[in-house]
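The structure appears below as structure tokens.
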Amino acid sequence: MTMATQTERRLRISGILIVLGLLVEALSLARIHPLAFLGFMFVGGGLLVFGIAIYLYSIVSAASPPEIR
Amino acid sequence: MQMLTVPGPATLLYVLIGVTIVLVATIVFRPSLTDTRGGKQLAFIVYFLLPVVVASMGASEHMERSKETQFCLSCHVMDPYGRSLSIDDPMYVPAAHFQNARIPREEACYTCHTDYVMYGSILTKLRGLRHVYVQYLGTIVTPIHLYNAYNNRECLHCHGGARSFEEGAVHSADPSIMASIKSNQLSCLTSGCHDNVHGVAHLSELKFWEPK
């Protein structure tokens, strides 16, 4: 797999995680309930953190020079 | 003249979430957009900055909402405490405050319990999480009780400096009484002065106020 394809794949995965996280956060705001708060913090927040981490990893790994063998 | 209505933080948050989703979805479907310098900058904004801003605003909004009476009373164990706010007897301190709008009704619990669960130190926040665990997965120990004795500070947020309090016959009968109240040495609630609080143990014997 080429570097560009791998970066695009990571961008897609992180984008999907971020969208899912944002949808969970939007849904959690529809209710005033302790479970909505927990859903926001742990489910929505968790998906966002993973999505952002994968995105940051993708830009860091795309920026590093190819390994010399 | 029609007044301009400013959208609330929740509306702005929904708009921001919608915009972020659209922008992220655009890059998910066309990742080649990030090949250019401008595309990379856009990706950084929508994959990093906007989600962080949304999460921060959402956390703040949830914290505000958790002050609402509705939030506290959403746990079954709190039902009697919610009901006690309608006791038709002015001797019951929370009921008298709630019914006479001495506290904001929509934030009734939080107004008098400002250091409870979400709003104290890390330890008290962890207790808040434990409450949710016990509510759904554990066994609730009844009767429920405060972790620490009720602090006069909660009363003095409003009553401190008020003429009726500062010049009250009993409060000012002896300078040492006022000093003891203000230093929390003499409890407002348990020293025999204002000791009718929620009265949940005998709610079935009491009459209730019905707002007209």
Other chains near B:101-112: what is the mean number of their Cβ atoms within 10 Å of each residue's Cβ? 0
Radius of gyration, Dmax [region B:1-125; alpha carbons; angstrom]: 22.0, 72
Between region B:135-151 and region A:10-53, the alpha-carbon center distance in angstrom: 30
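What is the percent carbon and sulfur in the accessible area of the protein assembly as shown, measuring with a 1.4 Å probe over the protein chains and ignoring ligands?
Exposed carbon and sulfur together represent 65 percent of the surface.
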Proximal charge balance of B:Pro175 [Cβ under 15 Å; K/R count +1, D/E count -1]: -2
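Per residue of A:14-26, how many C-beta atoms from partner chains lie within 10 Å of its own C-beta, taken as a mean? The partial results should precede the final answer.
On the way: counts 6, 12, 3, 2, 12, 8, 1, 5, 11, 2, 0, 10, 8.
Other-chain Cβ atoms within 10 Å of each residue's Cβ, averaged: 6.
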Once B:Ser60 and B:Ser176 are pulled to full extension, the length gained, defined as 0.36 nm per residue separation minus their Cα-Cα distance, is 37.6 nm
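List the accessible area buried at the contact between B and A, summed over both sides and calculated with a 1.4 Å probe, in Å² to the nearest 100.
Protein heavy atoms only, the B-A interface buries about 2900 Å².
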Would you mind listing how long the protein assembly as shown runs along its three principal axes, going by Cα atoms, in whole Å with the largest first? 87, 58, 40
Quick one: net charge of A:Ile54's neighbours, Cβ under 15 Å, K/R +1, D/E -1? +2
Can you give the Rg to Rh ratio of chain B, both from alpha-carbon atoms, with Rh computed by the Kirkwood formula? 1.13
Taking every pair of Cα atoms in region B:66-134, average 1/r, invert it to obtain the Kirkwood radius, and report Rg/Rh to two decimals. 1.00
Along Cα→Cβ, 7 Å out, is where each label goes; now give me the distance between the ones at A:Phe42 and A:Ala30 in nm to one decimal. 2.1
Please calculate how many Å² of accessible area the protein assembly as shown carries per residue, with a 1.4 Å probe and no DNA, RNA or ligand atoms counted. 62
Once you have the Cα-Cα distance between B:Asp35 and B:Leu49, take 0.36 nm times their residue separation minus that, and quote the gain in nm to one decimal. 3.1 nm
For region B:94-212, what number results from the quotient of the Cα radius of gyration and 2.2 N^0.38 Å? 1.24
Determine the gain in length on full extension of the stretch B:Ala162-B:Thr11; use 0.36 nm per residue of separation and subtract their C-alpha separation, reporting nm with one decimal. 50.6 nm
Given the whole protein assembly as supplied and a 1.4 Å probe, what does the accessible area of B:Arg105 come to in Å², nearest 10? 100
For region B:135-194, using Cα atoms only, the Rg and Dmax in Å read 15.6, 51
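The values are calculated or read from the model by the stated rules, or taken from the named source; none is laboratory data. If you're wondering where the values come from, they're calculated on a predicted model, not measured in any experiment. Because the Cβ atoms are built from the backbone with ideal geometry, glycine has one as well, and the counts that use them run over all protein chains shown. We work out accessible area using only protein heavy atoms, side chains counted, and drop any ligands, DNA or RNA first. Shrake-Rupley method; radii C 1.70, N 1.55, O 1.52, S 1.80 Å.
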